[in-house]
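Engineer: Input: one structure, supplied below.
The values are calculated or read from the model by the stated rules, or taken from the named source; none is laboratory data. It should be emphasised that the depicted structure is a prediction, and the values quoted were computed from it without experimental measurement. Ideal geometry is used to build each Cβ from the backbone, glycine not excepted, and the neighbour counts take in all protein chains shown.
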Amino acid sequence: MMRYSAFSLFAQALKKHQDWPEFWPDAAPKPAYDAIIVGAGGHGLGAAYYLAKKYGIRNVAVIEKGWLGGGNTGRNTTIIRSNYLYDESAHLYDHAVKLWDGLSQDLNFNVMYSKRGVMMLAHNVHDIQSFKRHIHANRLNGVDNEWLTPEQAKAYCPPLNISPDARYPVLGAALQRRGGTARHDSVAWGYARAASGLGVDIIQNCAVTGIRRGSDGAVQGVETTRGYIAAKKVGVSAAGNTSVIMDMAGLRFPLESYPLQALVSEPVKPVFPCVVMSNTVHAYMSQSDKGELVIGAGTDQYVSYSQRGALHIIEHTLAAITEIFPFTARMRMLRSWGGIVDVTPDRSPILGKTPVPGLYVNCGWGTGGFKATPGAGDLLAYTMAHDAPHRINAPFTLERFRTGRLIDEAAAAAVAH
Amino acid sequence: MFLIHCPYCDEKRPENEFAYAGEAHIARPADPSALDDKDWESYLYIRANPRGRHHERWRHIHGCGRFFNAVRDTVSDKFESTYKAGEPRK
Ligand SMILES: Cc1cc2nc3c(=O)[nH]c(=O)nc-3n(C[C@H](O)[C@H](O)[C@H](O)COP(=O)(O)OP(=O)(O)OC[C@H]3O[C@@H](n4cnc5c(N)ncnc54)[C@H](O)[C@@H]3O)c2cc1C
Ligand SMILES: [Zn+2]
């Protein structure tokens, strides 16, 4: 693997940029691996990278039914933050934010992590109380989050409408300065390239169609559209398709898959410096480095695998956006798309072992797992290597839906992340 | 936007007249205190979430207000049929 640097850029420039090697080689499946990851999203590629880099398991394959990064990793609005209410969640998401910090250097690939700040608007007394509660809880967990007056919020984000006559007046805001965005495709490509450089096989256009188990019940390998591949450890990181794959192992999961849509405007000059979210109005927005305003909608109401949603959801979102940011009213929207998100009853992920020996799962990130990409990858790798969860993901078991020990961020957040 | 046939009104109406109400044919336990944790888990939380034929409830909330069931393919999003609540699973 070529190391990228100012020097390599210069050297390639002399060759008129005709000699850059491919990011990673396309691998064909071998008959057996020590570990297999199902799903080449950011989470799965991250898990493969950390297995090889940190946990000493290098004979690894990542199996992807389409192209890598073509699932939710390539479809999300890239908001990163860790100001979740419960201790378990704060530790989980902040583990990821800490990893985002050095990720470009670690991967030798620019993932464009930008700490531009994530601001959540309070529009009513309930919002104020709940955000302040979050701020206090976050501080106790060492997670930065601070309260802003409407004037301070406007100073941080000038396009904000803080007029007291607004339909949803801004009464204040919670700001996480370490929050922000990253370039989604670069995250997938960076992990893929670095993992591949450590010997991981990345096998695209290869769908897992079955999970083979031995007479002892333990995993033996996976059936795929390109033949059987043996492995004693299989980690499933397939987002919206997790229920389908778990069904292959005879497991039923507490998940439902919903379409979630996003859209972007025509590109414009920099007008929007940070990320703003409003849970009450149900809208959030940021501006990409290309200049597009990136707007996230809510989920469609029904279960679906179609990777598309309905237009009235987008209309509803834009109505809210123009209310808070009047300057957007005459902008044209360029593209909209949908991904399929896997939602758990308590809106917290499931990350750990399953009742099937050798089968591990990372799922249930729903509408908000991009921010967790490095952390989820690391913890899935840790869990697979040790056959036991790390203390950070230990509470995020599948069993919690039986014991009742939920981590109920649903009640705490209630909207897209 | 779906066009959904309400079996009570016997009319096809746009989706925004309807509210989705989750997986269909999940029976409320007859004797809740007899349930163990495993039964509660599957009643409250475990869902079929199939890629393909899905039995689901809808409510004609801005119409007749009634709940009914539907069979829809979750890949094509095409409705196979809708039928009145209480009718057997199709
Ligand atoms: C519109 C939208 C906006 C979002 N915005 C945000 C946001 O702002 N911030 C945030 O934190 N999160 C956001 N999310 C959520 C986030 O995208 C996901 O939680 C996250 O990307 C999940 O990561 P992943 O790697 O597990 O999933 P994916 O990238 O979806 O990877 C799963 C992979 O598994 C593959 N797969 C599935 N079945 C099989 C099979 N049988 N065999 C082989 N491979 C298979 C898929 O093809 C896919 O590539 C958003 C999601 C959407 C859809
Ligand atoms: Zn009706």
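Engineer: Going residue by residue through the range A:74-83, is there one that turns out to be over 20 Å from A:Ala182 (Cβ atoms), more than 16 Å from ligand 2 (Cβ to nearest atom) and modelled with pLDDT of 95 or more?
Structural biologist: Initially, the range A:74-83 is screened for residues over 20 Å from A:Ala182 (Cβ atoms), giving none.
Checked the range A:74-83: no residue is over 20 Å from A:Ala182 (Cβ atoms), more than 16 Å from ligand 2 (Cβ to nearest atom) and modelled with pLDDT of 95 or more.
Engineer: Restricting attention to the range A:311-324, which residues are more than 30 Å from B:Glu23 (Cβ to Cβ) and buried (at least 21 other Cβ atoms within 10 Å of the Cβ)?
Structural biologist: A:Ile321, A:Ile324
Engineer: Residue check: is B:Glu17 surrounded by 14 or more Cβ atoms within 10 Å (Cβ to Cβ), at pLDDT 95 or above, within 16 Å of ligand 2 (Cβ to nearest atom) and acidic (Asp, Glu)? Working first, answer last.
Structural biologist: Details: surrounded by 14 or more Cβ atoms within 10 Å (Cβ to Cβ): yes; at pLDDT 95 or above: yes; within 16 Å of ligand 2 (Cβ to nearest atom): yes; acidic (Asp, Glu): yes.
So B:Glu17 fits the description; yes.
Engineer: Determine whether the range A:145-157 contains at least one residue that is surrounded by fewer than 15 Cβ atoms within 10 Å (Cβ to Cβ), at pLDDT below 95 and hydroxyl-bearing (Ser, Thr, Tyr).
Structural biologist: No: the range A:145-157 contains no residue that is surrounded by fewer than 15 Cβ atoms within 10 Å (Cβ to Cβ), at pLDDT below 95 and hydroxyl-bearing (Ser, Thr, Tyr).
Engineer: With A:Ser104, A:Ser89 as the choices, which residue is within 14 Å of ligand 1 (Cβ to nearest atom) and more than 14 Å from chain B (Cβ to nearest Cβ)? Can you show your working first?
Structural biologist: On the way: A:Ser104 fails: within 14 Å of ligand 1 (Cβ to nearest atom).
Of the residues listed, the single one that is within 14 Å of ligand 1 (Cβ to nearest atom) and more than 14 Å from chain B (Cβ to nearest Cβ) is A:Ser89.
Engineer: Among the residues of the range B:1-48, what is the count of those that are more than 14 Å from chain A (Cβ to nearest Cβ), under 29 Å from A:Leu251 (Cα atoms) and among the basic types (Lys, Arg)?
Structural biologist: 1
Engineer: So is B:Thr74 more than 11 Å from chain A (Cβ to nearest Cβ) and touching a His at 6+ places or on another chain (Cβ under 6 Å) or not? Let's see the steps before the verdict.
Structural biologist: Details: more than 11 Å from chain A (Cβ to nearest Cβ): no; touching a His at 6+ places or on another chain (Cβ under 6 Å): yes.
Here the answer is no, as B:Thr74 does not meet what is asked.
Engineer: For the range A:244-262, check the following and say yes or no: at least one residue is more than 11 Å from ligand 1 (Cβ to nearest atom), away from every other protein chain (no Cβ under 14 Å) and farther than 29 Å from A:Val111 by Cα.
Structural biologist: yes
Engineer: Of the residues in the range B:49-67, how many are within 10 Å of chain A (Cβ to nearest Cβ) and either buried (at least 17 other Cβ atoms within 10 Å of the Cβ) or within 16 Å of ligand 2 (Cβ to nearest atom) (or both)?
Structural biologist: Restricting attention to the range B:49-67, the residues satisfying the condition of being within 10 Å of chain A (Cβ to nearest Cβ) are B:49-52, B:54, B:56, B:58.
After this cut, where a residue has to be either buried (at least 17 other Cβ atoms within 10 Å of the Cβ) or within 16 Å of ligand 2 (Cβ to nearest atom) (or both) as well, the list is B:49-51, B:54, B:56, B:58.
Residues that pass the stated criteria total 6.
Engineer: Can you tell me which residue in the range A:301-310 is surrounded by the fewest Cβ atoms within 10 Å (Cβ to Cβ), limited to those that are more than 19 Å from the chain's Cα centre (by Cα) and either of a type in the set (Phe, Trp, Tyr) or more than 7 Å from every other protein chain (Cβ to nearest Cβ) (or both)? Before the answer, list the steps.
Structural biologist: At the first step, the residues of the range A:301-310 found to be more than 19 Å from the chain's Cα centre (by Cα) are A:301-304, A:306, A:309-310.
Subsequent filtering for residues that are either of a type in the set (Phe, Trp, Tyr) or more than 7 Å from every other protein chain (Cβ to nearest Cβ) (or both) retains A:302, A:309.
On the way: A:Tyr302: 24, A:Gly309: 27.
Per the stated criteria, the residue is A:Tyr302.
Engineer: Six or more apart or on different chains, Cβ atoms under 8 Å: show the pairs whose first residue is in the range A:90-117 and over 23 Å from A:Ser196 (Cβ atoms) and whose second is among the hydroxyl-bearing types (Ser, Thr, Tyr) and in a loop (DSSP other than H, G, I, E, B).
Structural biologist: Short answer, once both residue conditions are applied: A:Ala90/A:Ser82; A:Ala90/A:Tyr84; A:Leu92/A:Tyr84; A:Tyr93/A:Ser82; A:Tyr93/A:Tyr84; A:Asp94/A:Ser82; A:Val97/A:Ser82; A:Asp101/A:Tyr113.
Engineer: Only one residue in A:Thr181, A:Thr224 is among the hydroxyl-bearing types (Ser, Thr, Tyr) and surrounded by fewer than 24 Cβ atoms within 10 Å (Cβ to Cβ), so which one is that?
Structural biologist: Only one candidate passes the filter, namely A:Thr224.
Engineer: Taking the residues in the range B:68-78 that are surrounded by fewer than 17 Cβ atoms within 10 Å (Cβ to Cβ) and away from ligand 1 (no atom under 16 Å from the Cβ) as candidates, determine which candidate is farthest from B:Arg28 (Cα to Cα). It would help to see each step written out before you state the result.
Structural biologist: Step one: list which residues in the range B:68-78 are surrounded by fewer than 17 Cβ atoms within 10 Å (Cβ to Cβ), which gives B:75-76, B:78.
Pick out the ones that are also away from ligand 1 (no atom under 16 Å from the Cβ) and you get B:76, B:78.
On the way: B:Ser76: 30, B:Lys78: 28 Å.
The selected residue is B:Ser76.
Engineer: Does the range A:3-19 hold any residues that are assigned to a helix (DSSP H, G or I) and surrounded by 10 or more Cβ atoms within 10 Å (Cβ to Cβ), and which are they? Give the steps one after another, and end with the answer.
Structural biologist: From the range A:3-19, those assigned to a helix (DSSP H, G or I) are A:6-14; that's our starting set.
Selection gives A:Ser8, A:Leu9, A:Ala11, A:Gln12.
Engineer: Still on this structure, please answer the following. When you go through A:Ala13, A:Ala48 one by one, which is the residue that is of a type in the set (Gly, Ala, Ser) and either within 16 Å of ligand 1 (Cβ to nearest atom) or on the phi > 0 side of the Ramachandran plot (or both)? Full working, then the answer.
Structural biologist: On the way: A:Ala13 fails: either within 16 Å of ligand 1 (Cβ to nearest atom) or on the phi > 0 side of the Ramachandran plot (or both).
Residue meeting the stated conditions: A:Ala48.
Engineer: Kindly indicate whether B:Gly86 is away from ligand 1 (no atom under 16 Å from the Cβ), within 13 Å of chain A (Cβ to nearest Cβ) and on the phi > 0 side of the Ramachandran plot.
Structural biologist: Values: away from ligand 1 (no atom under 16 Å from the Cβ): yes; within 13 Å of chain A (Cβ to nearest Cβ): no; on the phi > 0 side of the Ramachandran plot: yes.
When the stated conditions are applied, B:Gly86 does not pass them.
Engineer: Evaluate the following for A:Val343: is it more than 15 Å from A:Ser265 (Cβ to Cβ) and either away from chain B (no Cβ under 14 Å) or free of Cβ contacts under 8 Å to residues at least 12 places away in the same chain (or both)? Don't jump to the end; show me each part of the working.
Structural biologist: Details: more than 15 Å from A:Ser265 (Cβ to Cβ): yes; either away from chain B (no Cβ under 14 Å) or free of Cβ contacts under 8 Å to residues at least 12 places away in the same chain (or both): no.
It is false that A:Val343 is more than 15 Å from A:Ser265 (Cβ to Cβ) and either away from chain B (no Cβ under 14 Å) or free of Cβ contacts under 8 Å to residues at least 12 places away in the same chain (or both).
Engineer: Scan the range A:196-216 residue by residue and report those that are away from ligand 1 (no atom under 13 Å from the Cβ) and buried (at least 24 other Cβ atoms within 10 Å of the Cβ).
Structural biologist: Taking the range A:196-216 as the starting set, the residues that turn out to be away from ligand 1 (no atom under 13 Å from the Cβ) are A:196-201, A:212-216.
Within the range A:196-216, just A:Val200 meets the criteria.
Engineer: Enumerate the pairs (first residue in the range A:159-183 and without any contact (Cβ under 8 Å) to a residue 24 or more places away in the chain; second residue anywhere and not hydroxyl-bearing (Ser, Thr, Tyr)) with beta-carbon separation below 6 Å, excluding pairs fewer than 6 apart on the same chain, so at least 6 apart or on different chains.
Structural biologist: Cβ pairs passing all conditions: A:Ile162/A:Pro150; A:Ile162/A:Lys154; A:Ile162/A:Val170.
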